[in-house]
Amino acid sequence: MIKLNKTYNFHVDNCSFGMIPIERVIEMFKDGRVAAPFLEEHLTHWFPQLTRILGNKDHDHVDENGVKYDAKNFTKNGLKFKPSNQMGEGRKFVAEIAHAKAKKLIYICCDIVDFPKVRVRFKEGKTLIKKYPNCVIPRSKREVLFG
């Protein structure tokens, strides 16, 4: 059973790719852009009640009750839970749209700063936007989120 606001601790024991040295693979997986598709898939092994939704939907997983989840990675730069079309250079953050989306989701916050150690915490979007209305959790709040 998934519990909100509980930190789950995992260790990825076997990450490799061809001839790339394991140290380099580990560094690459500390980047959320690299880690995201792998973690989204692997979350269904750690939490079998989740089903991964493929494609560019507004969420990454759904559970047996139809609850929608969106996985986000906490990296050395913090965690952003803005809609993807509001992230990146030249894109504008629109709070009303971001907040409306967040209120419909549970975020799967994955701490990959110390990969291959991974911490996972499930947080309601409505709770996160109250504390972080700009939809960004700064690096300095890492232990507040996962501690």
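The values are calculated or read from the model by the stated rules, or taken from the named source; none is laboratory data. Keep in mind that this is a model prediction, so the values were computed, not measured. Heads up, the Cβs are rebuilt from the backbone with ideal geometry, glycines too, and the neighbour counts pull from every protein chain shown.
Let's see how each residue does on (1) small (G, A, S); (2) surrounded by 15 or more Cβ atoms within 10 Å (Cβ to Cβ):
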site: L4; (1), (2): no, no
site: V25; (1), (2): no, yes
site: G32; (1), (2): yes, yes
site: H45; (1), (2): no, no
site: R52; (1), (2): no, yes
site: D60; (1), (2): no, yes
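Tell me, which residue of the range 11-49 that is touching a His at 6+ places or on another chain (Cβ under 9 Å) and in contact (Cβ under 8 Å) with a residue 40 or more places away in the chain is nearest to I112 (Cα to Cα)? Of everything passing the filter in the range 11-49, V12 is nearest to I112 (Cα to Cα). Restricting attention to the range 96-126, which residues are of a type outside the set (K, R), farther than 18 Å from R33 by Cα and free of Cβ contacts under 8 Å to residues at least 40 places away in the same chain? Passing the criteria: E96, I97, A98, H99, A100, A102.
If you go through the range 6-23 and keep only what is exposed (fewer than 12 other Cβ atoms within 10 Å of the Cβ) and in a loop (DSSP other than H, G, I, E, B), you end up with K6, D13, N14, S16, G18, M19, P21. Of all the numbered requirements in (1) in contact with a strand residue (DSSP E or B) (Cβ under 9 Å, 6 or more places away or on another chain); (2) not in a helix (DSSP H, G or I), E41 misses one, and that requirement is (2).
To keep it simple, each residue is scored yes or no on (1) under 23 Å from E27 (Cβ atoms); (2) over 13 Å from the mean Cα position of the chain (by Cα); (3) not acidic (D, E).
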| residue | (1), (2), (3) |
| --- | --- |
| A100 | no, yes, yes |
| I106 | no, no, yes |
| V118 | yes, no, yes |
| V136 | no, no, yes |
| S140 | yes, yes, yes |
| V144 | no, yes, yes |
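Determine, yes or no, whether R91 is in contact with a helix residue (DSSP H, G or I) (Cβ under 8 Å, 6 or more places away or on another chain), more than 25 Å from E143 (Cα to Cα), at pLDDT below 95 and of a type in the set (K, R). Yes, satisfied. With respect to K6, determine if the residue is modelled with pLDDT of 95 or more and closer than 24 Å to K104 by Cα. Here the answer is yes, as K6 does meet what is asked.
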